[in-house]
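Okay, structure first, notes after.
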Amino acid sequence: MSVPLTLAQRFARHVVNAKLILPGMKLVVAISGGVDSIALLHLLQQLKSDLHLTLIAVHINHHLRGEESDLDERFVRRLCDRLNINCVVKHVRFDTDKDLENQARMARREILYNILKSYKFDRIALAHQKNDQAETVIMNLVRGSGITGMGGMKPDGDNIIRPLLAFSRPEIEQWLVDNNIEWREDMSNTDARFTRNKIRNELIPWMQSNLNHAVTDRLLLQSHIFRQADDYFRKHTARLIKKVITDETPDYLRMDLPLLKQLSEIEQYYVLRACYGILGKTEHEFFRYSFTEIRQILDSEGSKQTKLAHDIHVIKQYDELVMTTLDPTKEHTDLKELTIDEERTHFVFFNWRFTLKYLKNLPKTRGDVNAKQQILIDLNKVNLPLKLRTREPGDRFIPTGMKDEKKLKEFFIDEKVPRFDRDKVPILADTEKIIWIVGYRADARAICDSPTNRILHISIEPVTTGRKRAANRAFSQTGGKYDIYEL
């Protein structure tokens, strides 16, 4: 008859087989002093030699329980000294009691990631176990966090491992008792102000007594199924994003609105949440109500916008949806004006690269040269120096093909230039008038419409590190690729 494995043996087998811990790993271990984290630290310490691990313990004193919090800190320090494990202690104090649970979670997350980065370690080890997982699934169900939330916490992801998720709270506690290992009881675990405590101490016991005594195991099984479904949708979303996103920078993402509207509701949810995560560096705080806010502006008439958590703005304009960390009501560049030196032939302004050539004769084949991407200027009709600037109140010009002045604002509206982009459109002007709305239309007063021997040819091309479809959108009416004239 085989002898049952101890929890320590099952733990060692689990972390190796699941590849949660690899030989030589450097782990930041979050330790509060409670049952679970004390067990995790001892279990990792037992594996330290065999797997050649490097451990550093991190204790965060939130100062929420007065002297008890300080006693927790001293207990952790003494334990780490005894185990010969380096210990980092951080102190956090909150200005308000509002949403303490979330404040503490965000503070812990920031501290642990900062330590992981500064020490150049591999993973953060957290002590969540089976019962925590069941509580998380219920909490996420109440919050309406969708399939991902119902999947609960992942054993491995975002540089975090949770080696104890395969073990229950009672068996962890029993292992500590059997090995005469002390821990600290956190009396805040009975504080009914915290949602998790209500679920742990009231809801789950009621469900076990009145619905199903094995409710924890059932919730864990469901979380596994939901994680599989979530993985499937994420892989599908990765393919959709390549089609939906038309332009991408560190500050914003542009999406093809008609294509986005063709997706099913759940596909829209995953795409929008993924875009939110790209900009905000995390998908946390993107809940169902976040998606509902976006859906409302998608289905509305005209240009609309809304603001989500992490200061992410969502703007619907014409045939695109923009998600950005930039406040659309503010200007975001220090470069407002650039005087063009006659000696310069190449320079960049905003997202455009400009190339200048001075000619004495008009090209034989000009085509529609006063179009989107280039212009031929009669230097006899302008007052130098030329300058590039952003739009100004009251701007007017005479678009080619017209005889009367037109307000720039009205031109932008007619051309369906999104409001979010209007302050980024370069304006080429001389000392008296506008010469070119770059990428859109020239002024009729400056173009070469008669023989001249003083000609300035300016061409532009988009400069972007992201996708270029949106940057080229201004040229779409030319029928595809634009010509670069050899003059």
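Please work out which residue is surrounded by the most Cβ atoms within 10 Å (Cβ to Cβ), limiting yourself to the stretch 262-289 and to residues that are among the small types (Gly, Ala, Ser) and touching a Ser or Thr at 6+ places or on another chain (Cβ under 9 Å). Even if it seems obvious, please write down each step before you answer.
Filtering the stretch 262-289 for residues among the small types (Gly, Ala, Ser) gives 264, 274, 277, 280.
So of that shortlist, the ones also touching a Ser or Thr at 6+ places or on another chain (Cβ under 9 Å) come out as 274, 280.
Numbers: 274: 20, 280: 18.
Result: 274.
In the stretch 168-216, how many residues are surrounded by 12 or more Cβ atoms within 10 Å (Cβ to Cβ), closer than 25 Å to residue 4 by Cβ and among the acidic types (Asp, Glu)?
2
Among the residues of the stretch 146-162, is any surrounded by 21 or more Cβ atoms within 10 Å (Cβ to Cβ), over 14 Å from residue 195 (Cβ atoms) and in contact with a strand residue (DSSP E or B) (Cβ under 8 Å, 6 or more places away or on another chain)?
Yes: one or more hits.
Filter the helices (runs of 4 or more DSSP H) completely within the stretch 255-344 down to those with at least 2 residues that are of a type in the set (Lys, Arg) and touching a residue at least 12 places away in the same chain (Cβ under 8 Å).
Details: elements: 257-262, 265-280, 288-298.
Ranges flagged: 288-298.
Determine whether residue 106 is without any contact (Cβ under 8 Å) to a residue 24 or more places away in the chain, closer than 30 Å to residue 291 by Cβ and aliphatic (A, V, I, L, M). Quick ask: steps written out before the conclusion?
Working: without any contact (Cβ under 8 Å) to a residue 24 or more places away in the chain: yes; closer than 30 Å to residue 291 by Cβ: yes; aliphatic (A, V, I, L, M): yes.
Spelling it out, residue 106 is indeed without any contact (Cβ under 8 Å) to a residue 24 or more places away in the chain, closer than 30 Å to residue 291 by Cβ and aliphatic (A, V, I, L, M).
Would you say residue 204 is touching an Asp or Glu at 6+ places or on another chain (Cβ under 9 Å), in a helix (DSSP H, G or I) and closer than 30 Å to residue 78 by Cα?
Values: touching an Asp or Glu at 6+ places or on another chain (Cβ under 9 Å): yes; in a helix (DSSP H, G or I): yes; closer than 30 Å to residue 78 by Cα: no.
For residue 204, the condition - touching an Asp or Glu at 6+ places or on another chain (Cβ under 9 Å), in a helix (DSSP H, G or I) and closer than 30 Å to residue 78 by Cα - is not met.
FYI, it's all coordinate maths here, none of it is from the lab. The model shown is predicted, which means the values in this text are computed figures rather than measured ones. Quick reminder, even Gly has a Cβ in these numbers, built from the backbone with ideal geometry, and neighbours come from all protein chains shown.
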